[in-house]
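The values are calculated or read from the model by the stated rules, or taken from the named source; none is laboratory data. Fair warning: this is a prediction, and the values are worked out from it, not measured in the lab. Ideal geometry is used to build each Cβ from the backbone, glycine not excepted, and the neighbour counts take in all protein chains shown. Only protein heavy atoms, including side chains, enter the accessible area calculation; ligands, DNA and RNA are left aside. Shrake-Rupley method; radii C 1.70, N 1.55, O 1.52, S 1.80 Å.
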Amino acid sequence: MEGKEEDVRLGANKFSERQPIGTAAQSQDDKDYTEPPPAPLFEPSELTSWSFYRAGIAEFVATFLFLYISVLTVMGVLKDKTKCTTVGIQGIAWAFGGMIFALVYCTAGISGGHINPAVTFGLFLGRKLSLTRAIFYMVMQCLGAICGAGVVKGFMGKTRYGALGGGANSVNHGYTKGDGLGAEIVGTFVLVYTVFSATDAKRSARDSHVPILAPLPIGFAVFLVHLATIPITGTGINPARSLGAAIIFNKDKGWGGHWIFWVGPFIGAALAALYHVVVIRAIPFKSK
């Protein structure tokens, strides 16, 4: 008995009284933070790297899948006049947000999981990637979106696809182009601001006690923005998504006011990048 009591005594006092729990228990050391250098404007060496092209392929495939699932969901809702047997607006919002969550999770380690020229533009302004990579990503995203919308048209058939609007974005009746532009600016700001916050290494080091899975808040932001702005513009906040649907639909509805779905997201992304750099990054870092 004395031996057992000694083992218990030693075991109970083997560790200090205050033990970290949760994610803090993974490391006993303070989490140091070093400011990463800004990405160069031009990076010619990227053009000879396989990882550069692999990242572009990942963006193409992700945007292709994103348009395929999301636009097909829109088609499924619109084909029912009563909407009672469909997933409705909430289902459309979940399709967009859920796909972003899944695709960012899948591609974050390859390309960063942008899947959106506005996100790429915002991160470029934040000096997170070079101009070379930013342009390449945007091109691949737009090509993937066009192909994704094209596959949906193939499944639905030209006549039914055209009758249902092709998932193209437009400013809905009762709203002005100014309303649509404002909705796109604010919606994209919410998305890109969330991207910056969820992927900020400085925040991860400062708030190491807060476990976070970056794709989750990003996907949830997309879901919430869709709930708010589907009645106004059908929700763009992604120029590639709007372009892909407009090209495949190829009617006045898709092209009328199409500039809104480029100018709005790019302004929103620029504002989010500015806010992140000036306000969020200005918060002094204190290691735990």
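Being surrounded by fewer than 17 Cβ atoms within 10 Å (Cβ to Cβ) and either part of a loop (DSSP other than H, G, I, E, B) or touching a residue at least 40 places away in the same chain (Cβ under 8 Å) (or both) is the filter here, so list the residues in segment 87-96 that pass it. Before you say what the answer is, go through the steps one by one.
As a first pass, look at segment 87-96 and keep what is surrounded by fewer than 17 Cβ atoms within 10 Å (Cβ to Cβ): 87-91.
Hits for segment 87-96 are 87, 89, 90.
Could you tell me how many of the residues in segment 240-269 are part of a helix (DSSP H, G or I), of a type in the set (Lys, Arg) and open to solvent by 30 Å² or more (accessible area, probe 1.4 Å)? Quick ask: steps written out before the conclusion?
Initially, segment 240-269 is screened for residues part of a helix (DSSP H, G or I), giving 240-249, 252-255, 260-269.
Filter again for of a type in the set (Lys, Arg), leaving 241, 253.
Restricting the remaining residues to those that are open to solvent by 30 Å² or more (accessible area, probe 1.4 Å) gives 253.
Of the residues in that region, 1 qualify.
Quick grid of which residues meet (1) crowded, with 16+ Cβ neighbours inside 10 Å; (2) among the small types (Gly, Ala, Ser); (3) under 20 Å from residue 239 (Cβ atoms); (4) modelled with pLDDT under 95:
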residue: 66; (1), (2), (3), (4): yes, no, yes, no
residue: 98; (1), (2), (3), (4): yes, yes, no, no
residue: 102; (1), (2), (3), (4): yes, yes, no, no
residue: 129; (1), (2), (3), (4): yes, no, yes, yes
Using beta carbons and a limit of 7 Å, which pairs, at least six apart or on different chains, have the first residue in segment 162-180 and open to solvent by 40 Å² or more (accessible area, probe 1.4 Å) and aromatic (Phe, Trp, Tyr) and the second one modelled with pLDDT of 90 or more and in a helix (DSSP H, G or I)? 175/232
When you go through 59, 46 one by one, which is the residue that is assigned to a helix (DSSP H, G or I), charged (D, E, K, R), buried (at least 24 other Cβ atoms within 10 Å of the Cβ) and touching a Ser or Thr at 6+ places or on another chain (Cβ under 7 Å)? 59
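Just to be sure before I move on: is residue 192 open to solvent by 60 Å² or more (accessible area, probe 1.4 Å), part of a helix (DSSP H, G or I) and at pLDDT 95 or above in the structure I sent?
Values: open to solvent by 60 Å² or more (accessible area, probe 1.4 Å): no; part of a helix (DSSP H, G or I): yes; at pLDDT 95 or above: yes.
For residue 192, the condition - open to solvent by 60 Å² or more (accessible area, probe 1.4 Å), part of a helix (DSSP H, G or I) and at pLDDT 95 or above - is not met.
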Every residue in segment 104-117 that is of a type in the set (A, V, I, L, M) and either touching a strand residue (DSSP E or B) at 6+ places or on another chain (Cβ under 9 Å) or surrounded by fewer than 21 Cβ atoms within 10 Å (Cβ to Cβ) (or both), please. 108, 110
For segment 149-162, does any single residue satisfy the condition of being modelled with pLDDT under 95 and under 23 Å from residue 232 (Cα atoms)? yes
